[in-house]
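Have a look at the structure below, then the notes.
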Amino acid sequence: MSEQMNASQVRIHPWSEEDLPLLHLLNASEMTEHLGGPETEEQVVSRHNRYVNTLGKESGCMFRVTLLPEMTSVGSVGYWERSWQGEAVYEIGWSILPTYQGKGIASAAVAEVIAHCRAEQKHTSIHAFPSVNNAASNRICRKLNFSLVSECDFEYPPGSIMKCNDWRLGLGLGTEGAEKKSLLPG
């Protein structure tokens, strides 16, 4: 078993222009095995621009995952809005470089993002859609108390259907509260 990191050593930082080299590392074959394989350079740059441009928007945010004390960049985690089975929800996704996998880093980073989503009080749930074959990501969902809803067909990348697990975590905001929140000005 790999050495476990203390959650206090894991930090998330909003994605910035300087994070493109990290995105290139996360685009390696072993990192994209459950996501349809590596993207082209054009696709990576487009993804990077989307990540940078989520800052200051209410539709979600991408983060760089770092380890203290050196501030070593080890992966990404993020959330975004989507409509899922007629409900407005957040979707969450993460990717940790192979050297740092199995140490609790992804779990700590995902937990930070979940806390961020709860504080927003915007949606009632957050969903994760790891491939049914991605045992590590499915373990993270279980560890963080997501409920397995079902297997589902999920289009990712666009034009490609993959078999995923639909994991759901309630954010502690009732439907009534979500409706009230959306009626507030601003």
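Summary table
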item	result
Between helix 41-52 and the chain: long-axis angle, C-alpha atoms, 0 to 90°, nearest 10	50 degrees
Hull shadow area, averaged, region 85-138 [alpha-carbon convex hull, nm²]	4.3 nm²
Principal-axis tilt of helix 105-120 within the chain, Cα atoms, nearest 10 degrees	30 degrees
Net charge over other residues, Cβ less than 12 angstrom from the Cβ of residue 165 (K, R count +1; D, E count -1)	+1
Cα coordinate range in the chain, projected on the principal axes (Å, largest first)	44, 37, 37
Label-to-label distance, nm, for residues given as residue 9 and residue 81 (7 Å Cα→Cβ offset)	3.8 nm
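Any read-out appearing in this document is the output of simple, stated calculations on the displayed coordinates, not a laboratory observation. None of the values given here were measured: they were computed from a predicted structure. Methodologically, a virtual Cβ is constructed for each residue, glycine included, from the backbone with ideal geometry; neighbour enumeration extends over all protein chains shown.
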